[in-house]
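Structure first, commentary second.
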Amino acid sequence: MKTAIVGAGKGCRSLLEFILEGGLSELRLDVALVCDREERAPGLVFARERGIPTCSELSEVMDLPGLEMVVELTGNERVAEDIYHRVPPGVRVMDHVMARLFWDLLHAERQLRREREQVQEILDSMPDIVFVLDREMRIQAVNAEFVRMSGLSREEALGLRCHDALCGTEESLEQAGITCPLNEVLRTGKRMSLVQVTRGRDGEEEHYEVTISPLRNDGGEIDRLVESRHPVNERVRLKREVEESNWRFRRLIDSARDFISMKDREGRYLVMNAATAELFDMWAYECVGKTVHELYPPEIAELISKHDREAMEQKRHITYEETLVLKGREYHLKTERFPLLDYKGDVVGVCTISRDVTEEKRLQQELIQADKLAAVGKLAAGVAHEINNPLTGILAYAEDLLEDVEEDDPRSEDYRVIVRETLRCREIVRNLLDFARQTTPRKQTVDLNEVAESVLALVSKLALFKDIRIRRELSGDLPHVSGDPQQLQQVVLNLMVNAAEMMRGEGEIRIGTRFDPEDRTCRLSVADTGPGVPEEARGRLFEPFFSTKATHGLGLAVSWGIVERHGGRIEVENPAEGGARFQVVLPAMEVDG
Amino acid sequence: MKDAPRVLVVDDEQVVLDSIRKHLRREGYEIRTVLSAAEALEILDAEGADIVITDLMMPGMDGLELLARIMEKGERIPVIMITGYATMRTALQALRRGAFDYVSTPFTRSELQGVVARGARPGAGGGVGVGGAPTRDVAGPESLHHLGGHCWVQEMPGGAARVGLEREFAFTLGDLDALELPAVDDVLEQGSVCVRFLARDGRSHTLWSPITGRVSAVNEKVRERPSLAVSDPYGEGWILELVPRDLAADLAGLAPEA
């Protein structure tokens with residue numbers, strides 16, 4: 001529409017700017033001329049700058065060929081009057097009052113459009129899926145992320161029922177008997193958040209954190225719902241990974257027979273495995289948070305704390321050999337300690353892995369003992385063989401001399417001593433050979449109670465036992481063992497004699513038998529009320545010819561050899577109530593059925 | 001008076017030869033000593049001997065082989081083995097193979113004199129038996145296991161094993177004053193001292209245990225009347241009973257090699 005503007009004030013300039021920016025494009029205004037008497041009016045200046053023709057006389061406006069509309073912006077009633085009078089027929093006139101009105105309307109509409117666009121822009125800028133539903137769960141608005149995720153265009157989505165667009169089901173959740181959270185919000189009127197699992201288009205599980213907020217109309221009634229969905233797949237995956245790795249860690253440490261734990265710098269348990277907790281008859285979780293001092297007897301706790309500190313201070317791996325007595329059992333542990341570091345590399349605690357090497361140690365000692373015995377046996381046989389002929393000579397010459405001297409000759413006593421002591425040598429050598437001779441036991445089914453009884457019958461005749469009280473503590477329910485009854489009697493007799501000698505013939509001997517179901521062994525014990533076995537003598541007690549003040553000779557070594565050949569062992573201890581206790585431990589025979 | 005019995009002593013160690021010579025010097029024997037079995041055989045071939053005392057373990061030909069050579073000759077010479085305590089099982093084998101007896105080193109004067117004196121008696125070496133029959137062929141009841149001319153073992157019902165003297169051993173003991181029997185429940189090792197016999201002539205003689213076991217009974221009749229062991233060695237004169245540890249193994253260990 002070919003248009004001329006009359007009056008080139010500030011309003012004119014704004015209008016021109018607006019039109020040139022593309023405003024009012026619907027009206028297709030083509031400003032062909034701008035007229036004002038004042039040559040320096042802002043509208044005229046602007047028009048000239050933009051190459052729009054200008055004039056100073058109204059007549060020029062009226063003469064413009066093809067003019068379709070005149071816009072009067074002078075604000076002067078007379079000029080407006082004049083224009084109405086002079087416009088050619090068919091040319092429209094918009095005076096400054098109308099123009100003002102039109103301008104205001106234009107402005108308001110533009111504002112509104114801007115605002116709507118901004119809301120959509122905000123929605124579209126959100127990374128979450130956002131959409132708005134009416135009370136019938138029809139989609140009223142969606143954002144760009146919705147379009148991207150659903151594969152529906154904005155136009156396709158609008159008006160769809162929510163479950164058609166999102167749940168991918170024919171029926172709504174309510175129809176399927178499941179409470180739909182949207183209805184829940186409608187009922188309660190409160191915003192709610194939840195995590196929903198859906199199958200994506202590719203069939204993969206997708207996790208969303210869904211938030212549904214109610215929107216209310218002026219009357220305060222809920223007329224719409226806004227749902228936003230935030231993908232939390234990564235978070236769920238992370239959470240699962242953490243749970244999984246936690247589970248693996250627990251499986252690992254709880255399946256281990258070693259004692260595994262972690263403590264903080266104050267000695268408080270952070271982690272403990274099941275094997276360790278069992279030491280205290282507790283569950284691992286009950287022990288976490290407790291300190292070593294709360295769980296162990298003071299002296300052990302002190303030792304553990306000391307070692308823990310060393311590993312933390314020295315910041316390195318240290319191996320310890322530790323001996324703990326817990327609930328009357330002695331544990332020999334090989335413990336690895338190393339500092340627990342955080343992500344920055346700072347020491348925040350200590351980790352320990354302890355292996356129970358009690359049995360290993362015992363076997364090792366038995367092996368050493370067996371080796372020693374075998375070596376001594378060989379040596380003894382060799383020495384005995386070499387020494388026999390010289391002794392034969394000594395005896396022959398000494399007895400010869402003895403025969404030649406008169407009975408009252410002072411030398412005869414000396415010769416007798418030579419003979420006596422040579423015979424003593426002979427006895428020692430023979431004992432040694434008895435010991436060295438590794439007689440294999442002739443095994444049969446043996447009742448250890450019978451062995452004990454037969455030995456008790458024997459010792460009751462011996463002078464050594466006349467001032468000794470004997471107490472029987474024989475188990476009425478003892479499995480048999482496989483063994484040589486005569487050799488076993490010899491063992492028990494040796495232990496009884498040893499006990500009597502340790503007590504110097506006065507005191508009490510308790511002889512007992514019992515079955516230990518744990519390692520399926522039969523145990524025959526001989527306990528005395530003597531001074532006990534000195535600590536330093538423990539390891540050497542079973543060596544041939546090792547003697548303490550009260551005992552001597554080969555008895556214990558022979559016993560040890562016999563029991564060893566029966567697949568058993570002899571245990572020695574000084575019980576709390578005093579004295580010494582020797583225990584013959586033999587494997588029980590399996591009972592049929 | 002007949003000539004002094006000739007004793008041939010064989011040992012690879014001079015001190016043992018000298019010792020034996022000293023022990024026996026007043027016993028009225030004619031003693032020759034040699035350092036090897038080969039020399040001994042030469043002397044036996046050339047001159048013969050009434051008793052041979054030989055070491056069991058010697059370099060070259062050992063005592064068992066010498067014994068075998070002597071047995072091969074068919075001469076009934078009592079052969080007394082000298083053995084260390086450690087090799088008593090071998091000594092028992094020697095008895096089984098025909099040795100007369102053994103002494104274990106180091107031995108006392110009376111131990112050696114006792115056994116040699118028995119060897120010098122008529123009947124030793126199986127030379128003369130009752131009624132002139134060779135004793136070693138008189139074996140008593142069939143169920144007996146014989147330990148050469150030394151003793152016998154009989155399995156009894158109930159698992160015990162009875163031990164008694166062989167006639168050769170019994171007849172060379174001479175008149176007995178007493179027996180030193182072990183106590184019931186004592187454990188005897190095969191080849192160790194089982195019973196000591198105290199003879200009227202003041203000598204003592206040793207019966208070696210033929211098997212290992214625990215003494216379950218002793219024959220009180222023999223204790224009271226020691227001569228019973230000599231007069232009825234396979235019957236009333238049995239000595240003791242043992243509960244054997246492993247009778248079969250003990251007897252197998254004594255069996256002569258095939």
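For region A:223-303, trypsin sites (Lys or Arg not before Pro) meeting the loop criterion (DSSP other than H, G, I, E, B) and having at most 11 other Cβ atoms within 10 Å: A:ARG257. For A:GLU68, what is the net charge nearby, where nearby means another residue's Cβ is under 10 Å from its Cβ and Lys, Arg count +1, Asp, Glu -1? Taking every Cβ under 10 Å from that of A:GLU68, the sum is +1. Note on B:100-108: average number of Cβ atoms from other chains within 10 Å of each residue's Cβ is 5. Peptide B:3-14 shows a mean partner chain C-beta count of 1 within 10 Å per residue C-beta. Annotation: peptides B:198-204, B:163-169, B:247-253, ranked by per-residue average of other Cβ atoms within 10 Å with the highest first, follow the order B:163-169, B:247-253, B:198-204.
Shape descriptor for chain B: Rg over Rh equals 0.95 (Cα atoms; Rh from the Kirkwood inverse mean 1/r).
Annotation: aspartates and glutamates with alpha-carbon distance below 15 angstrom to B:LYS73 (same-chain offsets under eight excluded): B:GLU42, B:ASP45, B:GLU47, B:ASP50, B:GLU65. Against chain B, whose longest principal axis comes from its Cα atoms, helix B:63-72 is set at around 90 degrees. Region A:255-334 and region B:1-56 have their alpha-carbon centroids 78 Å apart. Note on A:ASP128, A:ASP404: ascending count of other Cβ atoms within 10 Å places them as A:ASP404, A:ASP128, the fewest first. Size descriptors for region A:320-375, from the alpha-carbon set: Rg then Dmax equal 17.3, 58 Å. From most to least packed by mean Cβ count within 10 Å, the peptides A:562-574, B:89-101 give B:89-101, A:562-574.
Whole-Å semi-axes of region A:361-436's equivalent ellipsoid, largest first, each the root of 5 times a Cα gyration tensor eigenvalue?
39, 12, 6
The angle separating the long axis of helix B:109-120 from the principal Cα axis of greatest extent in chain B is about 90 degrees.
Cα gyration tensor of region A:2-107, axes a ≥ b ≥ c as square roots of the eigenvalues: rounded (a/c below 1.5), prolate (a/b > b/c) or oblate? It comes out rounded by the Cα gyration axes. Counting Cβ atoms of other protein chains within 10 Å of each Cβ in A:382-389 and taking the mean gives 5.
Note: relative contact order over chain A, using C-alpha pairs below 8 Å and six or more positions apart, is 6 percent.
Please rank B:ASP50, A:ASP519, fewest neighbouring Cβ atoms within 10 Å first, as an exposure proxy.
With the sparsest Cβ surroundings first, the list reads A:ASP519, B:ASP50.
Shown here are the Rg and Dmax of the Cα trace of the protein assembly as shown, at 59.6, 201 Å. With neighbour counts taken as other beta-carbon atoms within 10 Å, the residues A:GLU243, B:GLU13 rank, fewest first, as A:GLU243, B:GLU13.
Using unit Cβ charges (K, R positive; D, E negative) and no other charged atoms, how large, in debye to the nearest 20, is the dipole of region A:1-131 about its Cα centre? Result for region A:1-131 is approximately 140 debye, rounded to the nearest 20. Pairs to check: A:LYS306/A:LYS334; A:LYS239/A:LYS263; A:LYS334/A:LYS372. Give those whose C-alpha atoms are more than 20 Å from each other in this structure. Violating the 20 Å Cα-Cα cut-off are A:LYS239/A:LYS263; A:LYS334/A:LYS372. Remind me, relative contact order of region A:251-356 in percent, using alpha carbon pairs under 8 angstrom and six or more residues apart? Relative contact order for region A:251-356 comes out at 27 percent. Each Cα pair under 8 Å and six or more residues apart adds its sequence gap; the mean of these over the residue count of chain B is a relative contact order of 14 percent.
Using the rule -39500 (n - 2.57) for each DSSP H run of four or more residues, divided by the residues of chain A, the 222 nm mean residue ellipticity is -14000 deg cm²/dmol.
Read the figures in this text as sums done on the coordinates, not as results from a lab. The structure displayed is predicted, hence computed values, not measured ones. In this analysis, Cβ positions are derived from the backbone assuming ideal geometry, glycine residues included, and neighbour counts consider all displayed protein chains.
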